[in-house]
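Asker: First the structure, then my questions, so here it is.
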Amino acid sequence: MKLTIDHNSQTPLHKQVEKLLRELIEKPEYKDGKLLPKEVDLSEQLNISRNTLRQSINTLVSEGLLTRKKGVGTRVEKKKIFSGASNWLSFSEEMKILGIEIHNFELQIIRHEVSSEVAAFFNIKAGIKVMRLERLRGKKEFPFVYFISEFSPEIPISASENFNRPLYEILEADYGIIAETSKEEINAAAADNFIASKLEIKPGDPILIRKRYVYDIHNNPIEYNIGCYRADSFTYTLESKRIF
């Protein structure tokens, strides 16, 4: 493949190379773990210094798109699912924005006796039964998240809904409940036997546990959600600004 940049352009060379590399790693032949051409070959082909090339590569390394290993080369990172803290979205909305077609591998909904933590969140007595939705979801190739959602007993949700629709669309369209606020906790853990079997990984492999406390527009608690993600398929990003 012949790679070129415009040496007469006002755009800095390292920025042109960065753009070129971003396009390159999206090509089918470079996705998911393939090595890039050697730096010496790339720099000669583009007629730039290796320092300029490395400046561009380092940018993509810092973003987690490439990894560099001495004696091996620069490798394209396997694509992960990214989620962020600002303007939170439902899982279905996140995946739609990323252009990922989601497959439902398992789904069940049951009446379930709440734990003391869930009872405290909903401000109900321990032992009361609520509707519990469990879903195993992912890409066509493999599942990457196991969700457990428990709903306020004030919501008359049942097993008759079409859960191929986005969850918050169901709550709003069918019950007039608008999810507005999500408070989240994220921690790393080792997969137990149950989660490992669901996510098709080995017991003890790393997972990310994402806990969501969801409230409606009146600040009433409506959903307690736990998502267990394969660590090799999910990255959570945060953006913060200093206050002066």
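Asker: Need the failing condition index for Tyr146 against (1) modelled with pLDDT under 95; (2) under 15 Å from the mean Cα position of the chain (by Cα); (3) surrounded by 12 or more Cβ atoms within 10 Å (Cβ to Cβ), just the number.
Answerer: If we test Tyr146 against (1) modelled with pLDDT under 95; (2) under 15 Å from the mean Cα position of the chain (by Cα); (3) surrounded by 12 or more Cβ atoms within 10 Å (Cβ to Cβ), just (1) comes out false.
Asker: Now, a different point. Looking at Thr4, is it hydroxyl-bearing (Ser, Thr, Tyr), out of contact with any helix residue (DSSP H, G or I) (no Cβ under 8 Å at 6 or more places or on another chain) and at negative phi? So that I can check it myself, show each step before the final result.
Answerer: On the way: hydroxyl-bearing (Ser, Thr, Tyr): yes; out of contact with any helix residue (DSSP H, G or I) (no Cβ under 8 Å at 6 or more places or on another chain): no; at negative phi: yes.
So Thr4 does not fit the description; no.
Asker: Related question: Select from the stretch 64-105 the residues that are assigned to a helix (DSSP H, G or I) and either surrounded by 13 or more Cβ atoms within 10 Å (Cβ to Cβ) or of a type in the set (Gly, Ala, Ser) (or both) and write down the one among them that is modelled with the highest pLDDT.
Answerer: Of the residues in the stretch 64-105, the ones assigned to a helix (DSSP H, G or I) are 91-97.
So of that shortlist, the ones also either surrounded by 13 or more Cβ atoms within 10 Å (Cβ to Cβ) or of a type in the set (Gly, Ala, Ser) (or both) come out as 91-96.
On the way: Phe91: 72, Ser92: 67, Glu93: 66, Glu94: 67, Met95: 68, Lys96: 67.
Ranking the candidates gives Phe91 first.
Asker: Here's another thing I want to ask about it. Across the stretch 24-51, what is the number of residues that are of a type outside the set (A, V, I, L, M, F, W, C), in a helix (DSSP H, G or I), surrounded by fewer than 16 Cβ atoms within 10 Å (Cβ to Cβ) and at pLDDT 85 or above? Full working, then the answer.
Answerer: Start the filter on the stretch 24-51 by keeping residues that are of a type outside the set (A, V, I, L, M, F, W, C), which leaves 26-34, 37-39, 41, 43-45, 47, 49-51.
From what is left, the residues that are in a helix (DSSP H, G or I) are 28-30, 39, 41, 43-45, 50-51.
Then drop every residue that is not surrounded by fewer than 16 Cβ atoms within 10 Å (Cβ to Cβ), which leaves 28-29, 39, 41, 44-45, 50-51.
Now narrow it down to the ones that are at pLDDT 85 or above: 39, 41, 44-45, 50-51.
Final tally of qualifying residues: 6.
Asker: Next up: Would you check which residues across the stretch 106-127 are exposed (fewer than 15 other Cβ atoms within 10 Å of the Cβ) and either among the aromatic types (Phe, Trp, Tyr) or not in a strand (DSSP E or B) (or both) and list them? Steps first, answer last, please.
Answerer: So the first thing to find is which residues in the stretch 106-127 are exposed (fewer than 15 other Cβ atoms within 10 Å of the Cβ), and the list is 106-108, 110-111, 113, 115-117, 120, 123, 125-127.
Selection gives Ser115, Ser116, Glu117, Ala120, Asn123, Lys125, Ala126, Gly127.
The values are calculated or read from the model by the stated rules, or taken from the named source; none is laboratory data. The structure displayed is predicted, hence computed values, not measured ones. Neighbour counts run over all protein chains shown; Cβ positions are idealised from the backbone, glycine included.
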